[in-house]
Amino acid sequence: MHKYILKRIFLSVFTLLAITLVLFTLLQFMPGSPFNDEKLTDDQRTVLNAKYGLDQPVYVQFGKYVSNMVQGDFGVSYNISKNTPISQLIQTRLPVSIRIGGMAVGLGAIVGLIFGVIAALNHNTFWDTLCTAVSVLGVSVPSYVFALALSYTFGFRLSWLPMLYSSKAEFASSVMPSIALGMFTMASIARFTRTEMLEVLGSDYMLLAESKGISGAPLILRHALRNAMIPIITVLAPLIVDLMTGSLVVEKIFSIPGVGSLLVTAIQSNDYNVVISLSFIYSAMYIGIMLVVDLLYGLIDPRIRITKEGGNA
């Protein structure tokens with residue numbers, strides 16, 4: 001297992017470097033430059049390119065960037081906030097997106113699991129139909145529609161929650177965005193849980209467990225749900241990154257100072273350093289979560305762990 005973990009970590013680092021190189025190269029071919037101000041003369045642009053090292057070959061720029069990045073230096077912003085360190089821009093926005101995304105993931109996963117289990121245990125009944133209908137609604141309706149409906153109902157009409165994000169009321173300001181973002185996750189998890197639970201409940205494995213006298217909650221939680229968790233975790237993993245890196249439309253509706261709006265602004269203004277830094281963080285989060293998922297597979301199903309250990313023996 002240790003060899004497998006080390007191998008996965010090595011592949012993760014290599015993948016991150018490859019992604020950074022591809023992004024770095026593609027940005028060189030984007031039209032325009034970070035210095036598109038019409039007031040600048042050609043000589044001034046030349047001076048600015050030399051100042052930031054943009055006049056050097058791509059491989060030299062990439063080598064310096066990676067070297068600085070390893071030391072925690074992502075460079076400075078060219079346009080969004082001139083000469084402001086990227087780490088300073090991100091550290092004020094990323095925690096906001098992670099908090100709201102984390103709340104959305106937790107809410108969506110828990111409610112989705114509950115709905116999926118209820119639907120499976122009450123197959124072809126009213127409760128199954130109700131949970132399935134809610135799941136279809138959650139998948140079909142965009143998150144910004146839920147955001148607008150929640151904002152109008154609980155923010156404007158009832159005044160229970162703030163309509164716009166406020167740092168003075170972080171939790172209250174995060175409730176409606178989290179619910180809006182978590183609806184798709186809830187619906188997806190509910191659908192997969194229902195499907196997997198129905199398959200597991202009808203398996204010979206469950207009949208054997210029942211023949212041993214296991215029933216009730218232990219049968220459902222320790223045997224049925226545990227065996228259904230692997231596909232559910234596989235579906236949940238990419239959703240976690242999507243939610244924790246923010247949704248631009250939802251951020252706009254609630255005026256959330258997250259990283260989603262920062263990335264779009266950086267792309268529009270050709271702020272290369274910000275684009276690469278945020279893309280690197282997204283990729284690192286995705287690869288890290290997928291690595292955790294691989295390790296969870298071994299904890300949930302010992303057979304997977306045995307296979308990995310045998311394959312690396």
Q) How do the helices (runs of 4 or more DSSP H) wholly within segment 113-215 filter down when requiring 2 or more residues that are under 30 Å from ARG93 (Cβ atoms) and in the same structural domain as GLY101 (by TED's automatic domain parsing): which remain? A) 126-140, 143-150, 170-201
**Q.** Subset of segment 78-105 [modelled with pLDDT of 85 or more and either among the basic types (Lys, Arg) or in a loop (DSSP other than H, G, I, E, B) (or both)]
**A.** THR84, ARG93, ARG99
Q) Looking at GLN56, is it closer than 30 Å to PHE24 by Cα, part of a helix (DSSP H, G or I) and polar (S, T, N, Q)? A) no
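Rundown of residues vs (1) under 30 Å from PHE156 (Cβ atoms); (2) in a loop (DSSP other than H, G, I, E, B); (3) aromatic (Phe, Trp, Tyr); (4) at pLDDT below 70, yes/no style:
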position: PRO257; (1), (2), (3), (4): yes, yes, no, no
position: ALA266; (1), (2), (3), (4): no, no, no, no
position: VAL274; (1), (2), (3), (4): no, no, no, no
position: TYR282; (1), (2), (3), (4): no, no, yes, no
position: MET290; (1), (2), (3), (4): no, no, no, no
position: LEU295; (1), (2), (3), (4): no, no, no, no
position: THR307; (1), (2), (3), (4): no, no, no, yes
Q.
Which count do you get for residues in segment 123-148 that are over 23 Å from PRO257 (Cβ atoms) and either among the aliphatic types (A, V, I, L, M) or surrounded by 13 or more Cβ atoms within 10 Å (Cβ to Cβ) (or both)?
A. 14
Q. Within segment 236-285, how many residues are aromatic (Phe, Trp, Tyr), surrounded by 21 or more Cβ atoms within 10 Å (Cβ to Cβ) and closer than 19 Å to ILE19 by Cβ?
A. 1
Q. Name the pairs whose Cβ atoms lie under 9 Å apart, with the first residue in segment 134-148 and at positive phi, the second in a helix (DSSP H, G or I), and 6 or more positions between them or separate chains?
A. none
Q. What residue, among those in segment 31-53 that are at pLDDT below 75 and acidic (Asp, Glu), is farthest from the chain's Cα centre (by Cα)?
A. GLU38
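The values are calculated or read from the model by the stated rules, or taken from the named source; none is laboratory data. Note that the structure is predicted; figures quoted are calculated from it, not measured. Ideal geometry is used to build each Cβ from the backbone, glycine not excepted, and the neighbour counts take in all protein chains shown.
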